[in-house]
Amino acid sequence: MTTKDIIKNLPLEDKTKNTLLEKFDTFTPDQKFDLEQVMWDAYEAIYNLKLQENLDLALLEAKENKESLDPEFYARVKVQTEKEMAKYLLGSTTEAELKNIRQKIQSLINRN
């Protein structure tokens, strides 16, 4: 996952997203670093909100005896949250982008 991927998927205004994506490659290293910090902090905030939401839901399920409060409880909720975040980020990935990624991976494999 790259900073550009995060920019594409964060709940930002389209105009802001487009401007950031268009200008990203022209930013100085310091500007890129600052932007990367802000974007990753935003991603982490969204992740933490989603994790808290999933914990609350799982605790409600536990109250209804649909979830076990065993030592693996938090790990299960965290894995579920990570899956949901990956799905969220990949949701806007186009088939062409996936094909490009697969081709890059294949070319790396073929080099060895």
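No lab work stands behind these numbers, since they all come straight from the coordinates. Since the structure is predicted, the reported quantities are computational estimates derived from the model, not experimental observations. So basically every Cβ, Gly included, is an ideal-geometry build from the backbone, and we count neighbours across all protein chains shown.
Things worth noting here:
- Of the residues 60, 75, 89, the one whose Cα sits farthest towards the positive end of the charge dipole of the range 35-94 is 89 (charges of +1 on Lys and Arg Cβ, -1 on Asp and Glu Cβ, taken about the Cα centre).
- Excluding same-chain neighbours fewer than eight residues apart, the lysines reachable from residue 8 by a Cα-Cα span under 28 Å are 17, 23, 32, 50, 78, 83, 87, 99, 104.
- Given R0 = 22 Å, the distance between the Cβ atoms of residue 57 and residue 12 translates into a calculated FRET efficiency of 0.25.
- The charge dipole of the range 3-111, taken about the Cα centre with unit charges on the Cβ atoms of Lys, Arg (+1) and Asp, Glu (-1), comes to about 560 debye, rounded to the nearest 20.
- Label positions at residue 1 and residue 66, each projected 7 Å from the Cα along the C-beta direction, are separated by 2.6 nm.
- Dipole moment magnitude, nearest 20 debye, the range 15-64 about Cα centre, only Lys, Arg, Asp, Glu C-beta charged: 220 debye
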